[in-house]
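Novice: Submitted below is the structure of interest, expressed as structure tokens.
The numbers here are math on the coordinates, done by the rules we state, and not lab data. What you are looking at is a predicted structure, and each value in this text was computed from that prediction instead of being measured. For neighbour counting, all protein chains shown are included, and Cβ atoms are generated from backbone atoms with ideal geometry for every residue, glycine included.
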Amino acid sequence: MKNLLVLLLCLTCLAVHAEDSSKADIEAETRLQLEGATRNYLATFRRVQRLMYPLLRAAAPNCLGLRHRSLGNLPIDLDTFPPQFRETAQRIYGLGPTRPLKFVNVAPGTPAYEAGLRDDDELLRVANVGLERGSGRLLRMQAAIATNSPDGEPVAVEVLRKQVLVKVEVRSEWVCTYGIGVTVAEVVNAQNAFNSLTVFTGISKFLPADNELAVVLGHEMGHFLLRHSQAAIVKIANVAKGEGAAFLQHSVDRENDADFVGLMLVAQAGYDVSRAQKIWRRVGSSNAAGISAGANATHPASPERFVRIKSAVEEVARRRAQGEPLTVFQYAMPTYSADDATAAFRTMLGAVKMPDKPAAFVENQVAGVPAAVLQGVSLPEVAAERLNRWDLIPALSIDGRVAYQQFVLDQRRPRAFAMNGAGQWASAYGDGAADQAIARCAAPGCQIYAQDDAVVMSESVLADMRRKLAAAAAALADGGRIKTHSRIVPPDSGFAAASDVDAVPVLPRFREKYAEYLTKPGPKAFAINASGGYRYYFDSPEAMERVLTQCDIQGDTCWLYAVDGHVIWEREPARRIRQVNQLALPATH
């Protein structure tokens, strides 16, 4: 009996020990799985943020009233993560209210990267504004940039890199103000709402190729640029009044419009869209319900989208072949008066979306939406529509286009905008505005383009500027250096004549592509990767930046071979141009 009691006690001890051991193992495994999920979340966020930045930059001229100066992708803090991951993120990334913001996505081609900032740098100060600790640091960072770099002036940035203080100066650039969020859900979708984007982790897995995911992100940007959220609140209010059929038709039309505008934006940003339509073949193959659109469908059927986007892809190729810009100019942005927009939003929340909420809750929701977001912003109505058309001005960079829009929106008079058709521009206000603008432009050929509320430059002068640009782009090695690039073109290397196709160090089958490049309009740039492949970009003042950035996006090591009709390739790899920050900026305007 005694031996039996001892045996039972031993068995009980073993069971308790096994239970304690099992609990510890479960806790350890839970910790490991949370770490994996947190790292996966950040990887998806970084991918979306990296792919979005070129789109935000390319779309800046269209983001009237909703754009800001940027140094690149924002650093992260604990608020970057969903609540369930914050404790883990604090432990593995060293984040917290008393810890600095951390850069984790300093992408090539952004101002921050060009200035020398890198991943894992911890942000301390921007323009002498302390950002080491506290709440609202990202907002304070953006305010410091806006105040100290309104026109791209260098702004001082201090970071801690492996416990060493590093100081750099960064020039800001215009980007759209468009929030980016990632939601953990196995849903193949992304959504635009007013001025923010939500990407579900499921679509990142469904579209592993960056070019494909960029097309989807561009589609959502298309909704944003076309102010579809503002239109939707009016339509949803009409649904509450029994006008559902009209809403559904408008919804399908909006999807088609966003597909086209988004694809042009993605192509303009430097992504390869040549197979964009195949996304919808894959969508239809994996979700048969979307192959045919029913009477109550809010989106086109996947076969229809395939055909429409294939047509848009062909339009991109046609525009490039003809030297036409890929921009989709929006003269009359959809706008809504404050009263109409607020009333429609209130109706949507109160009568449709939140019928059981008290009136005070609905009013608080309405008050929480900024007026500029709710209404949209458009260029003012003026007698001459031509004044608003920034796309008609030859050779303006993205910053130049934004500066011209600011000029049009400015209420001050007298005013004048000068340019020379080769990338230089300046504006001035007050007495003697025209003379001041010419003086600030400070470049050969500067003339007044617009004065007060009219374009004063004649069509014959503009036509002559365009002819000169076309002639310069077609010229090869002899003649003057093309001056329409947003950065200074490196000097000829003497490696080969630009017309010598056989000298180009690409795989033999790609030499015909270089011959094709020679026929394209400038500004243009041709790059070669380490495997003997190629990339080129044309008809853009940012051609050099875009072709190198596209290589980085695709994970390629590339070097510039030719710019316009000049070979800049060096025999020694160390002397070649591989990164955007190797290209000097011209003097500021």
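Novice: Packing-wise, with mean Cβ within 10 Å as the measure, how do 101-110, 403-412, 47-56 rank, highest first?
Specialist: With the highest mean Cβ count within 10 Å placed first, the list reads 47-56, 101-110, 403-412.
Novice: Pull up all non-local amide H partners of residue 67: gap of 5 or more, or a different chain, and H-to-H distance under 5 Å with H placed in the peptide plane.
Specialist: Sorted by chain and number, the residues that satisfy this are 177.
Novice: Calculate one ³J(HN,Hα) per residue across region 440-448 by plugging θ = phi - 60° into the Karplus curve 6.51 cos²θ - 1.76 cosθ + 1.60, and present them in order as whole Hz with x for glycine and proline.
Specialist: So the Karplus estimates, Gly and Pro as x, are 6, 4, 6, 8, x, x, 5, 9, 6 Hz.
Novice: Express the relative contact order of region 27-168 as a whole percentage, based on alpha carbon pairs under 8 Å and six or more residues apart in sequence.
Specialist: So the answer I get is 20 percent.
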